[in-house]
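Each value in this text was obtained by applying a stated rule to the coordinates, not by laboratory testing. Owing to the predicted nature of the structure, the values given are computational and were not obtained by experimental measurement. Note: ideal-geometry Cβ built from the backbone for every residue, glycine included; neighbour counts use all protein chains shown.
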Amino acid sequence: MSLPTVRVLVDAQGVAEAAADHIIEAATAAVAARGVFHLCTTGGSTPAALYRALREPSRAAQMPWAQTQIWFGDDRFVPRVDALSNVAPLDAQLLSASVDGAPSPLSPSAVHPWPTAATDAPTAVGAYLEELRSAGVPHTPTGFPIFDLLLIGIGGDGHCLSVFPGSPLALEGAQVAAGVPAPTHIEPHVPRLSFSLGVLASARAVITLAPGAGKAEALARIFNNSTAVADAPAKAALTPTATWLLDTASAAKLFA
């Protein structure tokens, strides 16, 4: 099996800054090749630091904001303003004025959250898939969107997106996206909307963000050859198109 690129940074801030640099590089290349950059981002604590790094003047000046469109790999089925929403950190860090008063470099219309105001999950999923096509995002023959760059985090149980161990969304041939019942084994216990693992293979590049000692056990299982994707879905991102950004704490059990 061809393995991804693995980078071990000093700490979570180093991971965020490295991810920001990867985004700028991918965005510049995508705009030069196709005139637009489709970024699919993730939730959790790391993206907030990543978004802050992108707002730093030296990086913000390099980012082709006007040609950037932002999507989400998954989200909790909660209002956008809810603290549990994956959109909330982006709203706070990218769509708001910076601490020094600089306006957002990104148009609000360039951010495409899952339609969590929908009455039910099938309606929300259908609307999101239609929005992707209407926005001109290219798709594979099997219907998966082709993002220029897809960001994922990992959970302590080895999940990514909202594809948990044992989920039908981890199976080969799974539907493109679906509603996910509220997990009982991991917090927060709220329903989700998520792409299936096939979106990892369709993306032009993937970045996995996994800093912190709390990720060490999960990473050890994911990188263990005997672990199945069904048991640790983030293992599906161990591909040549992926870059895994770890820190010394999260990588501790990989190289011991």
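Brief remarks follow.
- Using R0 = 22 Å, the C-beta based FRET efficiency linking residue 239 and residue 123 works out to 0.10.
- For the pair segment 175-244 and segment 40-54, the centres of their Cα atoms are 17 angstrom apart.
- Zone residues, segment 186-222, relative to residue 82, backbone N less than 14 Å from point 7 Å out along Cα-to-Cβ: 187-194
- Taking each residue as 0.36 nm, the span from residue 56 to residue 182 lengthens on full extension beyond its C-alpha to C-alpha distance by 41.7 nm.
- Prolate/oblate/rounded call for segment 176-256, Cα gyration tensor, a/c under 1.5 rounded: oblate
- Where labels lie 7 Å past Cα in the beta-carbon direction, separation of residue 25 and residue 201 in nm: 2.6
- Segment 1-65 shape via C-alpha gyration tensor axes, a/c threshold 1.5: oblate
- Mean Cα-pair separation over length for segment 1-145, i.e. relative contact order, pairs under 8 Å, 6 or more apart, %: 19
- Built amide H within the under 5 Å cut-off of residue 6, gap 5+: 244
- Placing a pseudo-label 7 Å from each Cα along the Cα-to-Cβ vector at residue 254 and residue 213 gives an inter-label distance of 1.9 nm.
- Pairs of Cα atoms nearer than 8 Å and 6+ residues apart set the relative contact order; for the chain it is 25 percent.
- Only Lys, Arg (+1) and Asp, Glu (-1) charged, at Cβ; segment 5-247 dipole about Cα centre in debye: 300
- The local environment of residue 233, defined by Cβ-Cβ distances under 14 Å, has a net charge of -1 under the rule Lys, Arg +1 and Asp, Glu -1.
- Packing here is the average count of other Cβ atoms within 10 Å per residue, and on that basis the peptides 17-29, 149-161, highest first, run 149-161, 17-29.
- Helix-only CD estimate at 222 nm, as mean residue ellipticity for the chain, using -39500 (n - 2.57) per DSSP H run (n ≥ 4): -8000 deg cm²/dmol
- Cα gyration tensor shape of the chain, rounded if a/c is under 1.5, else prolate or oblate by comparing a/b with b/c: rounded
- 3J(HN,Hα) from dihedral phi, segment 20-29, Karplus parametrisation 6.51/-1.76/1.60, rounded to Hz, x for glycine, proline: 4, 5, 4, 4, 4, 5, 5, 5, 4, 5
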